[in-house]
Amino acid sequence: MSIKGKAYVMGAFEHPTREAPDKSVAQLHAECARGALADAGLNKDDIDGYFCAGDAPGFGALSMADYMGLRNLRHMDSTETGGSSYILHVGHAAEAIAAGKCSVALITLAGKPRTSPPGGGRGGGGFAAAPEAAFEMPYGGTTHNQYAMCATRHMHEFGTTSEQLAWIKVAASHHAQWNPHAFLKEVVTVDDVVNSPMIATPLHRLDCCVVTDGGGALIVTSPEVAKQLDRPKVKVLGAGEAPKGTYGGKVDLTFTGAAWSGPKAFAEAGVKPSDIKYASIYDSFTITVLMQLEDLGFCEKGRGGRFVADGNLISGVGKLPFNTDGGGLCNNHPTNRGGITKVIEAVRQLRGEAHPKVQVPSCDLAIAHGTGGSLGTRHGSATLIMERE
Amino acid sequence: MSEPGEKKAPAVRKIFPPAVNTETERFWKAAEEGKLLYGYCLACNEPHYYPRSFCPFCFSERVEWRQASGDATVYAYSIMYRSPTGPYTIAYVELAEGPRILTNLVDCDFEKIAIDAAAKLVWKPSDGGAPVPFFTLA
Ligand SMILES: [Zn+2]
């Protein structure tokens with residue numbers, strides 16, 4: 001069974017806050033849910049499927065469902081793949097809808113790593129009990145230096161340069177200048193990026209995403225429900241997911257799980273990378289974007305540096321407009337998880353509701369792709385392809 | 001580099017003590033004796049790391065834990081500057097026996113670190129736990 005055409009993303013909401021010291025995390029989830037419902041034109045009691053991940057406080061979906069008063073749930077899923085969870089959840093929601101398990105699915109994310117660090121997201125401190133913990137925690141691994149090792153290796157194998165990576169940030173900043181909610185609105189240059197302080201070699205401060213409070217939510221519905229709603233219809237065409245790990249010592253830092261989740265999603269959708277008009281690509285760091293673009297097939301492996309350079313990702317300038325909201329690099333990376341904002345901006349593009357300065361003309365086919373966890377150790381890759389109907 | 005509002009940093013980065021369980025107790029006992037163990041599967045002849053009670057490649061339980069020579073080469077690394085206790089280097093090194101393992105490169109000139117550089121095993125105490133395997137440039 002395929003999910004192609006079996007479900008529609010009919011509601012999308014990005015919380016406008018970037019600093020929320022006076023709100024609880026659960027409250028942010030509920031505000032996002034309310035926003036997405038209003039966007040879709042649905043009510044809380046229409047929701048019969050609920051999806052959340054590790055940022056949802058409490059006991060899986062149960063605490064949040066009870067808190068929000070979701071009384072009609074008949075399907076729940078709290079699959080956790082870090083920041084990519086919410087892209088993956090759209091695929092899972094489409095599966096559940098196709099199987100008749102629910103017809104209106106709500107997906108929420110929220111957190112406040114900016115005003116109440118640490119642990120803005122991670123629920124139960126379960127990381128210390130993971131089997132790999134004793135063999136990794138002593139080494140001071142962080143997202144910064146683990147992703148940075150991938151960049152070091154990529155540069156070694158393929159000759160990728162810091163200037164090429166910088167172009168990814170430059171493109172994101174060109175888009176963010178038009179987003180009034182963006183955390184960083186200033187346009188930056190390649191020089192600005194490579195001259196910003198070194199965080200973890202070879203990644204500079206401006207190679208890294210922002211840290212913001214906030215959240216987002218999505219509503220995924222059955223075709224029957226979608227028909228009754230007064231919103232542009234964004235059809236789910238295909239989805240793919242894959243975990244990638246260190247494989248007992250056979251770790252290979254030169255590629256991401258996109259090499260597996262991407263082809264599955266493209267095959268299900270029946271389209272190819274060259275058909276895509278707009279790409280939301282998870283941008284925890286510049287290197288994340290570059291490697292995922294290669295693995296998704298937008299360019300040959302190893303040629304990502306050349307592909308992203310010279311503004312090729314800037315809307316209206318280059319061949320592949322990406323992250324037109326400013327992405328995690330400039331706009332928003334709520335609770336250190338950027339998956340949901342990737343879907344939200346893709347939905348805006350497909351509806352023609354992106355900012356006019358960055359709206360891709362006749363944008364009818366888009367991809368949202370994410371990596372959650374750590375590129376340098378283990379991560380969950382999720383790819384979603386959507387079409388405007 | 002520290003951020004506004006960050007707590008005052010300790011002078012030295014503490015080495016997180018490894019959590020020991022019944023499956024990995026043997027590894028950390030060997031560590032006390034300065035021996036780095038890796039897993040070796042007698043069914044499919046593949047080495048693995050971190051060591052476990054079965055083979056992650058063929059799922060056989062016919063694994064033995066062997067002592068690594070301590071010789072390795074650098075597979076990937078990053079020098080971490082966003083550290084309140086001073087820069088440190090995270091790395092994967094490839095053991096002479098095959099597995100690539102996560103570690104730190106310590107007691108060496110950051111400028112000399114390069115992919116494919118020769119490295120060798122050194123042990124460092126952890127903060128109240130078993131010693132932890134690190135590597136330095138050979
Ligand atoms: Zn085996």
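Each reported figure results from applying straightforward, stated rules to the coordinates on display, with no laboratory input. Since we're looking at a predicted model, the values are computed, not measured. In this analysis, Cβ positions are derived from the backbone assuming ideal geometry, glycine residues included, and neighbour counts consider all displayed protein chains.
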Query - GNM flexibility winner over chain A from A:225, A:360, A:90 (Cα, springs under 10 Å) - result: A:225
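Given the DSSP H assignment, sum -39500 (n - 2.57) over each helix run of at least 4 residues in the protein assembly as shown and divide by its residue total; what's the result at 222 nm in deg cm²/dmol, nearest 500? Can you show the working numbers first?
Details: 13 runs with 134 residues, N = 527.
Computed mean residue ellipticity for the protein assembly as shown: -7500 deg cm²/dmol.
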Report summary line: The farthest towards the positive end of the charge dipole of the stretch A:215-343, of the residues A:232, A:262, A:302, given +1 on Cβ of Lys and Arg and -1 on Cβ of Asp and Glu, is A:232
Report task. With no solvent and one equal point scatterer placed on each C-alpha of the stretch A:241-389, evaluate the Debye formula and give log10 I(q)/I(0) for q = 0.18, 0.19, 0.20 Å⁻¹, two decimals. Result -> -1.03, -1.15, -1.28
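Averaged across the residues of B:69-82, what count of C-beta atoms belonging to other chains lies within 10 Å of each residue's C-beta? It would help to have the intermediate numbers written out before the result.
Numbers: counts 0, 0, 0, 0, 0, 2, 7, 14, 7, 18, 8, 11, 10, 10.
The shielding value for this peptide is 6.
Quick one: of the DSSP bridges fully inside chain A, what percent are antiparallel, nearest 5? Before the final figure, lay out the partial values.
Working: 38 of 51 bridges.
So the antiparallel bridges amount to about 75 percent of the total.
Measure up A:4/A:244; A:112/A:272; A:301/A:342; A:185/A:342; A:101/A:227; A:44/A:357 against 29 Å on the Cα-Cα distance and list the ones that go over.
Working: A:4/A:244 25 Å; A:112/A:272 37 Å; A:301/A:342 23 Å; A:185/A:342 18 Å; A:101/A:227 19 Å; A:44/A:357 34 Å.
A:112/A:272; A:44/A:357, as the Cα separations exceed 29 Å there.
When a/c is below 1.5 the answer is rounded, else prolate if a/b is larger than b/c, else oblate, so apply that to the stretch A:53-106 with a ≥ b ≥ c taken from the square roots of the Cα gyration tensor eigenvalues. Could you put the intermediate results ahead of the total?
Details: a/c = 2.54, a/b = 1.09, b/c = 2.34.
Taking the square roots of the gyration eigenvalues as a ≥ b ≥ c, the stretch A:53-106 is oblate.
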Query raised in the report: Say each of residue A:319 and residue A:306 gets a label point 7 Å from the Cα, pointing the same way as Cα to Cβ; how far apart are those two points in nm?
Result: 1.0 nm
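Packing-wise, with mean Cβ within 10 Å as the measure, how do A:338-349, A:173-184 rank, highest first? Present the calculation step by step, with values, prior to reporting the outcome.
Details: A:338-349: 30.1, A:173-184: 21.2.
The most tightly packed comes first, giving A:338-349, A:173-184.
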Query raised in the report: Of A:139, A:247, A:282, which has the largest mean-square fluctuation in a 10 Å C-alpha GNM of chain A?
Result: A:139
Query - Average partner coverage of A:250-257, which counts Cβ from other chains inside 10 Å - result: 3
Requested in this report: Give the peptides B:44-54, A:209-219, B:108-118, B:28-38 in descending order of average Cβ contacts within 10 Å, highest first.
Outcome: A:209-219, B:44-54, B:28-38, B:108-118
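Counting Lys +1, Arg +1, Asp -1, Glu -1, what net charge surrounds residue B:61 among other residues with beta carbon under 13 Å of its beta carbon?
0
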Requested in this report: Return the inverse of the average 1/r over all pairs of distinct C-alpha atoms in chain B, which is the Kirkwood hydrodynamic radius, in Å to one decimal.
Outcome: 16.3 Å
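In terms of the Cα gyration tensor, with a ≥ b ≥ c the square roots of its eigenvalues, is the stretch A:7-66 rounded because a/c is under 1.5, prolate because a/b exceeds b/c, or oblate?
Numbers: a/c = 1.99, a/b = 1.19, b/c = 1.66.
Judged from the Cα gyration tensor, the stretch A:7-66 comes out oblate (a/c at least 1.5, b/c at or above a/b).
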Query raised in the report: How far apart, in nm, are two points set 7 Å out from the Cα along the Cα-to-Cβ line at residue B:30 and at residue B:62?
Result: 2.0 nm
Report summary line: Inter-part gap, Cα centre of the stretch A:176-216 to Cα centre of the stretch A:128-161, in whole angstrom, is 21 Å
Requested in this report: Give the value in nm², to one decimal: projected area of the alpha carbon convex hull of the protein assembly as shown, averaged over all directions.
Outcome: 23.5 nm²
Query raised in the report: Looking only at A:305, A:373, A:248, which one moves most when chain A is put into a Gaussian network model with springs between Cα atoms under 10 Å?
Result: A:248
Report summary line: By the DSSP-based rule, helices of chain A that are at least 18 Å long along the axis (C-alpha) and have a mean Kyte score of at least -0.5 are A:25-40, A:85-98, A:162-176, A:339-351
Query raised in the report: Relative contact order for chain B: what is it in percent, counting Cα pairs under 8 Å that are at least 6 residues apart?
Result: 24 percent
Report summary line: Sorted on mean Cβ neighbours within 10 Å (highest first), peptides A:307-315, A:147-155 come out as A:147-155, A:307-315
Report task. Name the aspartates and glutamates eligible as straight-distance cross-link partners of residue B:120: C-alpha to C-alpha under 20 Å, and not fewer than 8 places from it in the same chain. Result -> A:136, B:32, B:33, B:71, B:94, B:97, B:107, B:109, B:111
Query - log₁₀ of I(q)/I(0) at q = 0.19, 0.22 Å⁻¹ - the stretch A:143-213, Debye sum with one point per alpha carbon - result: -0.77, -0.96
Query raised in the report: Between the stretch A:61-100 and the stretch A:281-305, what is the C-alpha centre distance in whole Å?
Result: 29 Å
Query raised in the report: What does the average come to when, for each residue of peptide B:41-49, you count the partner chain Cβ atoms lying within 10 Å of its Cβ?
Result: 2
Report task. Give me the number: length gained by fully extending residue A:186 to residue A:79, i.e. 0.36 nm times residue separation minus the C-alpha to C-alpha distance, one decimal in nm. Result -> 34.9 nm
Query raised in the report: How high is the relative contact order of chain A, given as a whole-number percent (alpha carbon pairs under 8 Å, six or more residues apart)?
Result: 26 percent
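Relative contact order for the stretch A:194-322: what percent, with Cα pairs under 8 Å and sequence separation of 6 or more? Working shown, then result.
Numbers: 121 pairs, mean separation 24.4, N = 129.
Contact order relative to length: 19 percent.
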Requested in this report: Tell me which residues come under 5 Å, amide H to amide H, from residue B:81 once H is placed; ignore anything under 5 positions away on its chain.
Outcome: A:200, A:201
Query raised in the report: Separation between the residue B:109 and residue B:20 pseudo-spin-labels, each 7 Å from Cα along Cα→Cβ, expressed in nm?
Result: 3.8 nm
Query raised in the report: For the stretch A:160-294, what does the alpha-carbon gyration tensor say about shape, rounded, prolate or oblate, given a ≥ b ≥ c as the root eigenvalues, a/c under 1.5 as rounded, and a/b over b/c as prolate?
Result: oblate
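Tell me, what is a quarter of the convex hull surface for the C-alpha atoms of the stretch A:208-275, in nm² with one decimal? Kindly include the intermediate steps, with their values, before the conclusion.
Numbers: hull surface 33.6 nm².
Quarter of the Cα hull surface area: 8.4 nm².
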